[in-house]
Amino acid sequence: MPNIDGIKMLKVIRVLNDIKHIPVIVISANTDKRNVLAAIENGADKVMTKPLHKDVIIKTVNEVMGQNFLKVTKYAYLISDNDNIEMRKHFIKMFLNSFQNKDQELIDGVRSKNIEQVQYIIHELKGAGGTIGYPKLSDMSAEVESKLHYTDIDWTYVSLKCEQILNLVNEISRLKN
C-alpha cells in the first residue's frame, strides 16, 4: 500500500464503528517477528505471508471465522493448481509492466542519494516479491529498506543491493519470456 502502511490502516479500522468488529487478516511479504507483533498489537487477527496458497488461506479463514467457515469440499474447486499458476503468471506480468521505468528511477535515486525515491521503490518491491512468488525479492528489498533508516546510510551497500535486486528482476523477466 503506497500511501498508508498496514499498521496505520489497522489503527483506522479499529476506530471506525461501522467496521471495527470485522476480523482482519494481514497479508504481507514482511513477516519478521517485529512486524507480526505490531500487526497483532494493532488489531490484526492473523498474519499470513506471501505467496498465498489455497490450503493456508482456508485454514487461516477457518481459524479466524470459526472452524469450517470455508468448507474445503465446497470451495476446493474455486482455485485449482492450474489457476494458481495462471494467477502467478498474471501477477508477474502486471509487476513487470508496472516496473518498466522504475528500474531507472531506482538507479537515479541511489546515484543522487535520494532516500525517499529509493524507499518508495524498494517498499513496492518488498510487497511485490511475495505476491509474485519471489520471497527473495522481498527479503533483499527489506534489507535495503532497513539500511535506509540509519542516520549514516552506507550508500555503497545500498547501491550493491539495489543492483542485485535489479538483476533478480531481470532474471524474473527472462524466465517469464
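Filtering the range 128-151 to residues that are modelled with pLDDT under 90, under 19 Å from Val169 (Cβ atoms) and surrounded by fewer than 22 Cβ atoms within 10 Å (Cβ to Cβ) leaves Thr131, Gly133, Pro135. Answer yes or no: is there a residue in the range 164-172 that is at negative phi, out of contact with any strand residue (DSSP E or B) (no Cβ under 6 Å at 6 or more places or on another chain), among the charged types (D, E, K, R) and crowded, with 17+ Cβ neighbours inside 10 Å. Within the range 164-172, not a single residue is at negative phi, out of contact with any strand residue (DSSP E or B) (no Cβ under 6 Å at 6 or more places or on another chain), among the charged types (D, E, K, R) and crowded, with 17+ Cβ neighbours inside 10 Å. Residues that are at pLDDT below 95 and among the basic types (Lys, Arg) were ranked within the range 101-127; the one that is nearest to Tyr157 (Cα to Cα) is Lys126.
For the range 129-142, the criterion of being in contact with a helix residue (DSSP H, G or I) (Cβ under 7 Å, 6 or more places away or on another chain), in contact (Cβ under 8 Å) with a residue 12 or more places away in the chain and over 27 Å from Met87 (Cβ atoms) is met by none of the residues. Please verify whether Leu160 is part of a helix (DSSP H, G or I), surrounded by 16 or more Cβ atoms within 10 Å (Cβ to Cβ) and either of a type in the set (Val, Ile, Thr) or modelled with pLDDT of 90 or more (or both), treating the condition exactly as stated. No. With respect to the conditions (1) at pLDDT 80 or above; (2) at negative phi; (3) not assigned by TED's automatic domain parsing to the domain that holds Ser141, Thr73 falls short on a single one, namely (1). In the range 21-37, of all residues being among the hydrophobic types (A, V, I, L, M, F, W, C) and surrounded by fewer than 17 Cβ atoms within 10 Å (Cβ to Cβ), the one that is farthest from the chain's Cα centre (by Cα) corresponds to Ile22.
The values are calculated or read from the model by the stated rules, or taken from the named source; none is laboratory data. Here the structure is a predicted model, which is why all the values come from computation and not from measurement. Glycine gets a Cβ as well: all are built from the backbone with ideal geometry, and neighbour counts include every protein chain shown.
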